[in-house]
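A.B. asks: What follows is a structure written as C-alpha cells; I'll ask about it next.
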Amino acid sequence: MRRGILFLVLLALASFSPVEIAAAESGWPQWRGPLANGVAPQASPPLTWSETENVRWKATIPGRGHGSPVVWGDRVYVLTAVPSGSLSAASGSEASGRAGVAPDGPLEWTVLAYDRATGEVAWRRVAREAEPHEGTHPDGSWASASPATDGEVLVAYFGSQGLYVYDPAGELLWSNDLGDMTTRRGFGEGSTPLLAGETLVVNWDHEGDSFIVAFDKRTGRELWRRERDEVTSWATPIAIEVDGQAQVVVNATGRVRSYELETGEVLWEVGGQTVNVIPTPIFGHGLVYATSGFRGSALKAIRPGAAGPTTVAWSYDRDTPYVPSPLLHGDQLYFLKVNSGILTSLDAESGEPHYGPVRLPGIDGVYASPVAAGERIYVVGRNGHSVVLRHGKEFEVLAENVLDEEFSASPAIAGDEIFLRGSSSLYCVAEGAMSDEAP
C-alpha cells in the first residue's frame, strides 16, 4: 500500500544509526508526516486538551507564519517572518485582517529550533532580512512553507527570499536565491520543498516562467531543472516509487506530472485539476490521489506507470478541498470540502463513499490538513476548535477540544505529543498538566 513512500523513507535513512531511525519513525520530519500521507504510524497523542488540560508547554512564536512544525529527536522546528527588529508575536486580530496584506517594512525570515521537552528556544537563525517584493493573501503569511529534515540537514524555504539548508546545530551549509515569484493576484507563496534521499526538490509555479529544480542536499549543487507550463500553484511535491523507479509527483492546474527523481525526465502526466491548486497529492494502494477545490471539484485516483501508460482508476467531482490536503489512513481517504469543516470519507481503492459530506461540530473554517494516529483522525479549525474522530467506515466524534488561538498551520504528531501552531504560540499537547511557567 505504501511501498513507494516506504522505499524513499528507507532510502533517506539507509546511512543512519538505529537511534536516528527511531527518531524519524517517532517524529514528524516533513510536511504531511513520516509517510507523506498525514499519518503518524507510531504515535499515540491525547484525545482531549484545552488551555488548562494536557498542554505540556506553550511557547511564543515571534512574527507570523503558516508552515507546520516538524519534529526530529529532541527538536521542533518552525519557520516564521518577524517584523525587523521586533521579537513580539503578531496578535490574532492583526494577523487575521480581511483588508489585505501589503509589505509595510522589512521582515526577518527566521528559523526557530525549540527544545521538544521544554519549549525553550534552543537556537534561532535569521536567514534573511528584507522587505517582501509583493503582498500576500489576507489569511496568508510570508512564511507559509514548512521546514523539512532527515536528521542530517534542515531545509528552510522562504520562496522568493531564498532556500537555506542548515545542519542540526543551526550552522548554514548552503543557500540559493531562486529569484522572485509573481503569484496569482498577489496571493503569496506556500509550496514546501521535497527532501528525498540525497535530493532536494523545489517546485516554482507562478505567473512567470515556472520550473521544477533539484539540488544535492549536502552541497546545493543543481542536479537538474525542468520548465513547467503552469500558472501559480501551492502544492508540495511528493516522492513515490513505481516498479523500482523513484519519481517526483506534482499537483497543478494544467497537469499532474511525474518526474524521474534522478534525471528530472517527465515520465507521465494527467490533466483536469481546477485553478489555484494547493493540496499535496498522496500515494498509496498503487494510486496517486490528486485533489483541488477552487471554482470546481476534482479528485483523481491515478495509477502511475514507470515510463509507460498512466490511467485514472477512478475520479470524484464534489466536496473536494481548496486549501487542506487529503488524508490517507489505511484503506480510507478523508478530505474536507473547500475550506470548511465538512468531511467526506471514501474507499481508497474504489472511490465508493463510506460517509459524508458531514459537518464537523464546532469548527468554523479549516486551512489545516487532517492528520491521524492509531484509530483517531484529528481536524483543527481556524477558530481554535478541534474535533477528534474514530477512524472507520462510520462517522463518530470522540472529542471536541478548544484552544484560545487561531490555527491555520497543520498539526504535527510525534510519539505521545501533538504540536499545534497557532497565530502566536506553539503548543505541545500531551498527557499531563501544563507547567506553571510557559517559556
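A.B. asks: Pull up segment 400-425, narrow it to residues that are surrounded by fewer than 24 Cβ atoms within 10 Å (Cβ to Cβ) and in a loop (DSSP other than H, G, I, E, B), then point me to the one that is nearest to the chain's Cα centre (by Cα).
C.D. replies: Only one residue tops the list, namely GLY422.
A.B. asks: So which pairs qualify, if the first residue must be in segment 359-388 and over 11 Å from SER408 (Cβ atoms), the second must be among the aromatic types (Phe, Trp, Tyr) and not in a loop (DSSP other than H, G, I, E, B), the Cβ gap must be under 6 Å, and the two must be at least 6 apart or on different chains?
C.D. replies: Sorted first by the residue in segment 359-388, then by its partner, the pairs are PRO370/TYR334; VAL371/TYR378; VAL388/TYR378.
A.B. asks: I'd like to check something: does segment 256-275 contain any residue that is among the small types (Gly, Ala, Ser), closer than 30 Å to GLU152 by Cα and in a loop (DSSP other than H, G, I, E, B)?
C.D. replies: Within segment 256-275 (the criterion being among the small types (Gly, Ala, Ser), closer than 30 Å to GLU152 by Cα and in a loop (DSSP other than H, G, I, E, B)), the answer is yes, since at least one residue qualifies.
A.B. asks: Out of all the residues in segment 340-349, is one or more modelled with pLDDT of 95 or more, buried (at least 21 other Cβ atoms within 10 Å of the Cβ) and in a loop (DSSP other than H, G, I, E, B)?
C.D. replies: Yes, segment 340-349 contains a residue that is modelled with pLDDT of 95 or more, buried (at least 21 other Cβ atoms within 10 Å of the Cβ) and in a loop (DSSP other than H, G, I, E, B).
A.B. asks: Across segment 269-320, what is the total count of residues that are among the acidic types (Asp, Glu) and in contact with an Asp or Glu (Cβ under 8 Å, 6 or more places away or on another chain)?
C.D. replies: Of the residues in that region, 0 qualify.
The rows are residues; the columns are (1) at pLDDT 95 or above; (2) at positive phi; (3) buried (at least 20 other Cβ atoms within 10 Å of the Cβ); (4) of a type in the set (Ser, Thr, Tyr).
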| residue | (1), (2), (3), (4) |
| --- | --- |
| GLU120 | yes, no, no, no |
| PRO132 | no, no, yes, no |
| SER141 | no, no, yes, yes |
| PRO147 | yes, no, yes, no |
| PRO193 | yes, no, yes, no |
| ALA196 | yes, no, yes, no |
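A.B. asks: Could you tell me whether TRP234 is of a type outside the set (D, E, K, R), out of contact with any strand residue (DSSP E or B) (no Cβ under 9 Å at 6 or more places or on another chain), crowded, with 17+ Cβ neighbours inside 10 Å and within 22 Å of GLY159 (Cα to Cα)?
C.D. replies: Answer is yes for this residue.
A.B. asks: Please enumerate the residues belonging to segment 239-266 that are aliphatic (A, V, I, L, M) and in contact with a Gly (Cβ under 6 Å, 6 or more places away or on another chain).
C.D. replies: ILE240
A.B. asks: Evaluate segment 291-310: report whether one residue or more is of a type in the set (Val, Ile, Thr) and free of Cβ contacts under 8 Å to residues at least 40 places away in the same chain.
C.D. replies: no
A.B. asks: Sort out which residues of segment 305-321 are at pLDDT below 95, part of a loop (DSSP other than H, G, I, E, B) and not aliphatic (A, V, I, L, M), and write them in order of number.
C.D. replies: GLY305, GLY308, PRO309, THR310
A.B. asks: Report, by residue number, each residue of segment 198-226 that is more than 21 Å from ASN276 (Cβ to Cβ), surrounded by fewer than 22 Cβ atoms within 10 Å (Cβ to Cβ) and of a type outside the set (Val, Ile, Thr).
C.D. replies: Within segment 198-226, GLU198, ASP216, ARG218, GLY220, ARG221, GLU222, LEU223, TRP224, ARG225, ARG226 qualify.
A.B. asks: Only residues that are more than 11 Å from VAL250 (Cβ to Cβ) and of a type in the set (Ser, Thr, Tyr): list them for segment 273-293, please.
C.D. replies: Selection gives THR274, TYR289, THR291, SER292.
A.B. asks: Evaluate the following for ARG421: is it under 21 Å from TRP142 (Cα atoms) and out of contact with any strand residue (DSSP E or B) (no Cβ under 9 Å at 6 or more places or on another chain)?
C.D. replies: When the stated conditions are applied, ARG421 does not pass them.
The values are calculated or read from the model by the stated rules, or taken from the named source; none is laboratory data. Every value quoted in this text rests on a predicted model; they were computed, and no experiment measured them. Ideal geometry is used to build each Cβ from the backbone, glycine not excepted, and the neighbour counts take in all protein chains shown.
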